[in-house]
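**Student:** I have a structure I would like to understand better, so I am pasting it below and will then ask my questions one at a time.
Every number here is computed from the coordinates shown, using simple stated rules; none is lab data. Bear in mind the structure is a predicted one, so any value in this text is a computation, not a measurement. Positions of Cβ are backbone-derived with ideal geometry, glycine not excepted, and every protein chain shown enters the neighbour counts.
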Amino acid sequence: MKKIKGACHCKKVQWSLILPVTTVVQCHCDNCRKMQGSDYSTWIAVPDKQFFVESGNELISTYEFNERPCKSFCSSCGSVVYGVNGKHFNGHKLVALGSAEKYLKELKPQIQVYTENKAEWVQIQEEVPIFAGK
Ligand SMILES: [Zn+2]
Ligand SMILES: [Zn+2]
């Protein structure tokens, strides 16, 4: 059982996940753009039962949008830890790729979504398939 570890910027929130992940998604949608403050976001989709908050659970705050929890972040440093998306990834955590301790090959993006909303300067990586559905 291979594990991947990660943490927020202040390292008070630590997490681990067990491979394999379901997929790794690069998302160009407007919600991610606003919530992350970056031009696109990359998420590790992992089943709930394979994701563990190892420490700092009490520091995790959750932002709700449309009365649903959608982004959980460290209230000490503000780093996003994970999100949820019940529509496309029911029963999953969407863990912020940037919070992973190391960029292991298992974390390479596998799909790109909402590419129609992407910034024009963002180069689509040819080898990462585009998922056009909603
Ligand atoms: Zn933190
Ligand atoms: Zn998004």
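**Student:** Compute the separation of the alpha-carbon centres of segment 31-53 and segment 88-134 and state it in Å as a whole number.
**Tutor:** Segment 31-53 and segment 88-134 have Cα centres separated by 9 Å.
**Student:** Something else: Once you've got the Cα coordinates, tell me which of Lys34/Lys105; Lys3/Lys118; Lys49/Lys118; Lys2/Lys118; Lys3/Lys34; Lys3/Lys93 are over 24 Å apart.
**Tutor:** Working: Lys34/Lys105 28 Å; Lys3/Lys118 32 Å; Lys49/Lys118 32 Å; Lys2/Lys118 33 Å; Lys3/Lys34 30 Å; Lys3/Lys93 15 Å.
Beyond 24 Å: Lys34/Lys105; Lys3/Lys118; Lys49/Lys118; Lys2/Lys118; Lys3/Lys34.
**Student:** Please compute the length gained on full extension between Thr22 and Ser75, using 0.36 nm multiplied by the number of residues separating them and subtracting their Cα-Cα distance. List each step's numbers first, then the result.
**Tutor:** Numbers: separation 53, 0.36 × 53 = 19.08 nm, distance 2.76 nm.
Fully extending the segment from Thr22 to Ser75 adds 16.3 nm.
**Student:** Per residue, what volume in Å³ does the Cα convex hull of segment 3-131 take up?
**Tutor:** Numbers: hull volume 14.0 nm³, N = 129.
Hull volume over Cα atoms, normalised by residue count, gives 108 Å³.
**Student:** Further question on the same structure: Near the amide H of Cys8, under 5 Å away, which other amide H atoms are found, from residues 5 or more places off or on another chain, if H is placed in the peptide plane?
**Tutor:** Here the answer is Val13, since their amide H atoms fall under 5 Å of that of Cys8.
**Student:** Counting other C-beta atoms within 10 Å, which of His28, His92, His9 has the fewest, and how do the rest follow?
**Tutor:** Values: His28 20, His92 24, His9 13.
So the residues, fewest neighbours to most, are His9, His28, His92.
**Student:** Determine the gain in length on full extension of the stretch Val122-Asp30; use 0.36 nm per residue of separation and subtract their C-alpha separation, reporting nm with one decimal.
**Tutor:** Details: separation 92, 0.36 × 92 = 33.12 nm, distance 1.43 nm.
Computed gain between Val122 and Asp30 is 31.7 nm.
**Student:** Along the charge dipole of segment 59-134, Cβ charges K/R +1 and D/E -1, which of Val84, Ala96, Ile124 sits furthest on the positive end?
**Tutor:** Farthest along the dipole direction, towards plus: Val84.
**Student:** Run lengths n ≥ 4 of DSSP H only: what is the helix-derived mean residue ellipticity at 222 nm for the chain, with -39500 (n - 2.57) per run over all residues, to the nearest 500?
**Tutor:** Values: 1 runs with 7 residues, N = 134.
Counting only the DSSP helices, I get -1500 deg cm²/dmol.
**Student:** Let me ask something else about it. Could you check which residue among Lys34, Lys11, Lys71 shows the biggest mean-square fluctuation in a GNM of the chain with a 10 Å Cα cutoff?
**Tutor:** Maximum among the listed residues: Lys34.
**Student:** If you take every residue apart from Gly83 with its C-beta less than 10 Å away from the C-beta of Gly83, what net charge results, scoring Lys and Arg +1 and Asp and Glu -1?
**Tutor:** Numbers: positive: Lys71, Lys93; negative: none.
Combined, the nearby Lys, Arg, Asp and Glu give +2.
**Student:** Next question. If you count the DSSP beta bridges with both ends in the chain, what percent of them are antiparallel, to the nearest 5?
**Tutor:** Numbers: 31 of 36 bridges.
In the chain, approximately 85 percent of DSSP beta bridges are antiparallel ones.
**Student:** Only four residue types carry charge here, +1 at the Cβ of Lys and Arg and -1 at the Cβ of Asp and Glu. Report the dipole size of the chain about the Cα centre in Debye, rounded to the nearest 20. Intermediate results must be reported in sequence, preceding the final value.
**Tutor:** On the way: 17 positive and 13 negative charges, 75 e Å.
That gives the chain a dipole magnitude of about 360 debye.
**Student:** A further question on this structure: Rounded to the nearest 0.05, what FRET efficiency is calculated for Lys11 and Tyr63 with R0 set to 22 Å and r the Cβ-Cβ distance? If you can, show how the numbers build up before the last one.
**Tutor:** Numbers: r = 21 Å, r/R0 = 0.96.
The computed FRET efficiency comes out at 0.55.
**Student:** Oh, and also: Phe52 to Asn90: extension gain in nm, 0.36 nm per residue of separation minus the Cα-Cα distance?
**Tutor:** Values: separation 38, 0.36 × 38 = 13.68 nm, distance 1.70 nm.
My answer for the length gained is 12.0 nm.
**Student:** Can you compute the FRET efficiency between Lys3 and Asp39 using 1/(1 + (r/R0)^6), with r the Cβ-Cβ distance and R0 = 25 Å? Round to the nearest 0.05.
**Tutor:** Working: r = 30 Å, r/R0 = 1.21.
So, using R0 = 25 Å, E works out to roughly 0.25.
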